[in-house]
Amino acid sequence: MSDNKPRNTFCRRTRREFLWQAGAGFTGLGLIDLLTRDGFFTRKAEAATTTAYVNPLAPKAGQLTPRAKSVIFLFMYGGPSHVDTFDYKPALYPLDGKTIPVKTFGRGGRKNEGRVVGPKWKFKQYGQCGKWVSDLFPHIGQCVDDIAFIHSMTADSPIHGSAMLMMNCGRILSGHPALGSWVNYGLGTVNENLPGFVVMLDPTGGPISGAKNWSSGYMPATYQGVILRTAGEPILDLKPPHGMTDAMQRRLLDTLREYNEEHRFDRPDATELAARIASYELAYKMQSHAPEAVDINSEPDYVKEMYGIGEARTDEFGRRCLLARRLVERGVRFVQLYAGGAHNDSNWDAHGDLEKNHNYHAGRTDKPIAGLLRDLKQRGMLDETLVVWGGEFGRQPTAEYAQGTGRDHNSYGFTMWMAGGGIKGGISVGETDELGAAAVSRRLHVRNLHATILHQLGLDPNRLSYFYGGLDQKLVGVEGADPIHELIA
Amino acid sequence: MSESQLRRQWGAAILLPFVTAAALALALGPRGEAADAPPATVEAAISPADEAFFQEKVLPILQDNCFQCHGGERIRANLILTRREGVLKGGDHGPAVSLDNPDESLLLAMISYKDDRHQMPPSGKLANDQIAILTQWVHRGAPWPAELDFTTAQPEQEVDLFEQAQGFWAFQPVKRPPTPTVENRDWPTNPIDAFILARLESEGLHPAPEADRITLVRRAYYDLLGLPPTPQQVDAFVNDTRPDAWERLVDELLASPHYGEKWGRFWLDLVRYAETNSYERDNPKPHAWRYRDYVIRSFNANKPYDRFIIEQLAGDELPDATADTYIATGFYRLGIWDDEPVDREQAFYDGLDDIVTTTGEVFLGMTVGCARCHDHKIDPLRQRDYYSLLAFFRNINHFRNGGPTDERMIFESEAARAEYEKREAERVQRLNQTQQELIAIENRFRMLASDSELPQKDLDDLHYRFYRDTWDALPDFDTLKPEDTGRIENNLFDIRLRTRDEAFGFVFEGDLIVPADGQYEFFLHAADGARLLVAGKEVIRHESNNNIRQQVTGTIDLRAGRVPIRLEYYQRLDEFGLKLAWAGPGVKKRLLSAPDDAHADKQLGKAPELNKDVAALILGDTGKALLGEQVVREYDSLRKRLEALKRPTRAEHALVVTEAGRDAPDTFVLIRGNASAPGDKVTPGFPAIFNLPEPTLPTPPENATTTLRRSVLARWIASPDNPLTARVMVNRLWQQHFGRGIVATPSDFGLGGERPSHPELLDWLASEFVDSGWNIKHMHRLMMTSSTYRMAGTTNPEALAKDPTNRLLWRYSMRRITGEELRDSILAVSGKLNLKMFGPSVYPPIPREVMQGQSEPGKGWPTSPPQEASRRSVYVHVKRSLRLPILESYDAPESDFSCPVRLVTTQPTQALGMLNGTFLNEQAEHLAERLRREAGENMRDRVALALQLVTCRKPTETQIARGVELIEGLQKDGATPEQALKYFCLVTLNLNAFVYVD
């Protein structure tokens, strides 16, 4: 910079009060105050003295006309190989085994040459759009006319730790709120009996960095992801302790309320006390609603069949996909499903035997995902449910080791797709080079993906901000990012 | 705006270019006279050929690829490419086009996509013919008709923030204001009250009456200790009729060792205290808990705040540095750390940013971090100020989670250090002695066995670390994350342990067994790069990336015994590998590296026979036959002694900051915060808004290990003249006592922060704080003995209407206790609280379901036994990716950044945990046991005691009856008497009266 004068480039000059609550709960006055001042929330401030309970997750209108009400993010943890799934590279097959110069950067560092591993599956054209899809996904292939593929995704890191944070929270640095937290901060949830941001993990375990992936960072804990389980207690501490019947619990809660109302009598203006009283009733309702939401027994057999429930290979992921639909149906804003967990081949991280790894992970997810898309569509829910598929990065066209078919990570170019929620079907955006090593045309960044998701939900990615640490923080960063307009119907 | 819309707009612009006044003036003005535009813009009209070339070839490319972000919809990087003047003037990175050196033009570098940092347009590289056109255009002098200006984006209005900040309260010196006069002379106890009352009176408001004694004693216990008073403690105060009973109580609590636990936690929030690093592994930081203990001890000792600051920022540089002041510098090491960052250079500055940001916010209440990439948008802080502050820290060794740059041995006294050093020297001496005795026996055996082939074991305890990447020179391997590590059983440098043949590296470390005193020579053949260190000295450094297979040698004098040896190696392509041999007294030239058939090299001597083990032969029948049983026994015991002697003498370690010597590298402003785009050089300095001369940097003595720069910064921050330090700290103390700071944004005293509700009071407190010798307990005492603090929380409709948030303090603001206070209180009430202080952290049970969210469930959380698990929450291990549910749910801070204000959320998931969670139900059970133990058989007594324990008050008849009724009702519902009592206890732990402090 040549001059010493301060200049203004991209931090918006908005002076907004720090999230302040004057000793009150985040509910009650503080929140209403904040929301009103934030300007874009429509809720009018209510007189503090008459407010019994304001759910911080109460639904709010976004800044734009929403196209989607909910998001189902199918997180292919570990990083699926784009050249073996949706990014058809005919030129790569004949190069199999040849060592060629190609710049790569993965967990194995930077390399300037490598041995090509030709795609291990054949590709076929599907749908009216004629999309080439590999034999890994015969079911999803049937849905391509509803899907928009992004082949030119790029991310800032090819290392799981930082790349996971990037895809989930928009930064490679730890401590920022997750996408689901931003959505709930911006929109709230329409069902107060269920959490607004639900994460369903793979049975093998969580992703690396665990809770950092669904953390609300510097935002209130209200917005953090809640883990929902398909077996046992769906939500932590949802079930009353062993031996406590519903009648006992009701009695207990009634007594608690009597004590608390008595306590509140002398403090009539303390809305936070009212809020806490109400939170017990909500918890009680949640106890009955959440199990109902996760109970798929009421679903007809043909629906279960669509998701591959009952088939050994697809049953587990199918159940979670069906649950995702049920949650979205009940107003949950953001549902994230991890396909793959823990480490190594328990997820898509195919460093060793690519075929074995991808056959396994595609095999257990292909039919359930297709089932989800079809089921949403037949119910007319696809229009308002945005389905996102992809991992934290893709994989390299070359081998990672001296032996074998394993591919290292690739953040220079990879594929993600979206369906529903006002996204055009049957189209593809961007390209990688003929090897699939790097995005070359219409290169897009994770921030553009996030911007698109927010945009479809009616949130302006460049205006949705949270004042923290002296500036208006945004999911898409201070510089902002545009939605991918070509995808938007 | 869609792309097609954009195109239409540009289309229109091309047909009808609008001519700005400036452009007109330029076009009409005489050559070279336009003072404020670069002279290059004022040239004669361009030739028709150039104009056509621009219009037809160049403009469409710029329109489609550059305009949107550089002058069309927005202006990125301050670069405007929608008019010629913008092209020549350039943006943050400099001019886009250089007319003098067209080939050096940034524009051409950017469109060439030459590396990760030069890629424009970001959406993809231009076609070759487009690049050719722009290249030609640049070479032709970037012809562009001056009147064609397509700029539609409005540059942000430049505001002189320095002008705006003129006279801004926070940057003015603290002046002690006179105590205001008030109408109600009876109310004020001390000057604080006069300031509060004067303001209330000016608004026509009255302070609430004094709270009752029980409310007061409970408030005091929570505010100073974070624990509820016991019924005896309540009674003691309530029955204390002395006029100074309250003052005595405050003093008594300030003297309690548990005061430091409560207030230490307050400080830990600010300094982003955590004991792990986040990211994939989220590994523990070594000895982080010592910093926590240091903070607790400092609060308990009432360490003057200026000293507390200096110790944390520069405790290692103090002339009177002690173990404690070293531990204090753990402050620098508490942040997040990615052990495999995508960009090391950037990660280094991320680490410094964490320090600059935290230091600025915590000590100065300035959001300095906002000026990392550009000048601050709200405060008078230039980007240059950020890097001038960063320069104080520039020489800090980047964190690597342990090792000599992060850890330091600490001793209680100099005598203890001397004792340690003596014992360690003895150990090394005995180790070498023992090794020599072993060698002597082995040599004798070799002679007697007349087997010259019998291998001499040269390397011992050899370990390897395997790395993968492409390097141009030897990297600092210790900062990199290895792909694999392990022990090498054959004790030879062996690169066959690699997993691929190109782009990899190794570090081998172990002991070299030196048979005799004397000079040894080492012979190295290596492909790309290698470095040999023996006894801590570099013997060979070899870097030949052109793959010359020449032999490199080096010599070193060694003493007989064992010395550490380290070999670093990297290889880029599948080529010649690694050979290392040595020769010297008692060593006929032989290999230390594993034989590799492909590249056998006779010159380097034979590799040891791997199938013959001298030790095994000596200890076997041959040994007994040749040496005799007694010698073999001696050999065996020498070997065992050697193993024992290998263990270093035990010493305590602390997590500390270190620097890389007494000279710091230069610091540069990083353009847009980009580590690989250095701009102007800066020197350590204070932000310009303070109008201070350049600080004089001390010249560190020859043997200094740091630059002493941090001391300069620390002394400025801890100076009575600093306008912010004292204000920021007294405001934080006020915030903890009154629920809200006088400045409601306690880490942002800038223009974007809140204005003080009582500016004079803040200054009075700040000045009192400094005058008292930065005495924190004095400030607690002042605040707590004020009438303001002792007000009741009673409501008052008139005041509520005027000041609903109680900003003016017309009453005491009720607060919910923190997650830590809640957990500690539950344990205190149940009788299970273990008040043991200090030491390594504890790991209370975490439900399996929560652990399931980890990629390796249970990793990094070795659950403590019940008694340890029942210690105060300040001693619970702070793991960034796995938090104790009750603390997380009750808003304990996300520890990645400094947390100046705890948010208070109320949500149903908290209620679920409080009703159904294991911890609550277990503690309810313990409370029930306690009631049975302490309240006897009578149910009314039990109920009464429980209610008294949680509320600190003797319950009313109705309250007791309600509890008894619940217990009876539950039994009617089928609960056993034990269950019923337990569930009643659960209710008491859920009461608002328990969770809120009046």
Relative contact order of chain A, defined on C-alpha pairs under 8 angstrom at six or more residues apart (%): 27 percent
Table column - 3J(HN,Hα) (Hz), the range A:437-444, Karplus curve with 6.51, -1.76, 1.60, x for Gly and Pro: 7, 8, 6, 10, 10, 6, 5, 10
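Kindly point out which whole DSSP H helices in chain B project their C-alpha atoms 15 angstrom or further along the helix axis while averaging a Kyte-Doolittle hydropathy of -0.5 or above.
The qualifying helices are B:3-15, B:128-139, B:191-202, B:213-224, B:344-364, B:383-393, B:725-738, B:759-771, B:819-830, B:939-951, B:957-972, B:977-990.
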Anchor residue B:114: lysines whose Cα lies under 27 Å away (excluding residues fewer than 8 positions away in-chain): A:89, A:98, A:103, A:111, B:57, B:89, B:125, B:681
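For chain B, what does the alpha-carbon gyration tensor say about shape, rounded, prolate or oblate, given a ≥ b ≥ c as the root eigenvalues, a/c under 1.5 as rounded, and a/b over b/c as prolate?
On the way: a/c = 2.08, a/b = 1.11, b/c = 1.87.
Verdict is oblate for chain B.
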Lysines whose Cα lies under 25 Å from that of residue B:832, excluding same-chain neighbours fewer than 8 positions away: B:262, B:879, B:954, B:982
B:958, A:154 arranged by Cβ crowding within 10 Å, fewest neighbours leading: B:958, A:154
Proxy reagent accessibility, fewest Cβ within 10 Å first, across A:76, B:366: A:76, B:366
Counted charge near residue B:566, where neighbours are those whose Cβ lies closer than 14 Å (Asp, Glu -1; Lys, Arg +1): -3
Proximal charge balance of residue B:178 [Cβ under 12 Å; K/R count +1, D/E count -1]: 0
Within straight-line cross-link reach of residue B:537, lysines at Cα separation under 27 Å, skipping those fewer than 8 residues along the same chain: B:422, B:457, B:481, B:579, B:588, B:589, B:606, B:646
Cβ neighbours within 10 Å from other chains - mean over A:442-448: 2
Distant-in-sequence amide H partners of residue A:467 (H built 1.01 Å from N, under 5 Å): A:473
Helical segments meeting 30 Å axial Cα length and Kyte-Doolittle 0.0 threshold in chain A (DSSP H): none
Virtual spin-label span in nm between residue B:666 and residue B:244, 7 Å along Cα→Cβ: 6.3 nm
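Rounded to two decimals, what is Rg over Rh for the range B:728-805 when you use alpha-carbon atoms and the Kirkwood radius?
Numbers: Rg = 13.6 Å, Rh = 13.6 Å.
For the range B:728-805, the value is 1.00.
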Percent of alpha-carbon pairs separated by more than 25 Å within the range B:378-514: 60 percent
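When only Cα pairs under 8 Å and 6 or more residues apart are kept, what is the percent relative contact order across chain B? Don't skip to the end; give the middle numbers.
Working: 1642 pairs, mean separation 147.8, N = 998.
The normalised contact order for chain B reaches 15 percent.
Relative contact order, percent, of the range B:777-932 when contacts are C-alpha pairs under 8 Å separated by at least 6 residues?
Working: 140 pairs, mean separation 36.7, N = 156.
Across the range B:777-932, relative contact order equals 24 percent.
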Amide H partners (placed H, <5 Å) of residue B:540, local residues excluded: B:532
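By counting other Cβ atoms within 10 Å of each Cβ, how are A:321, B:370 ranked from fewest to most? Show your work: numbers first, answer last.
Details: A:321 32, B:370 26.
Starting with the residue having the fewest Cβ neighbours, the order is B:370, A:321.
Take peptides B:146-154, B:627-635 and line them up by average Cβ neighbours within 10 Å, highest first, as a rough protection proxy. Present the calculation step by step, with values, prior to reporting the outcome.
On the way: B:146-154: 17.6, B:627-635: 15.0.
Output ranking for B:146-154, B:627-635: B:146-154, B:627-635.
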Neighbourhood net charge (13 Å Cβ-Cβ; Lys/Arg +1, Asp/Glu -1) for residue B:392: 0
Quotient of C-alpha Rg and 2.2 N^0.38 Å, computed over the protein assembly as shown: 0.99
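All of the numbers you see were taken from the coordinates with simple rules; none came from a lab. On a predicted model such as this, the values are computed, not experimentally measured, just so you know. All Cβ positions, even for glycine, are placed from backbone atoms using ideal geometry, and neighbour counts span all protein chains on display.
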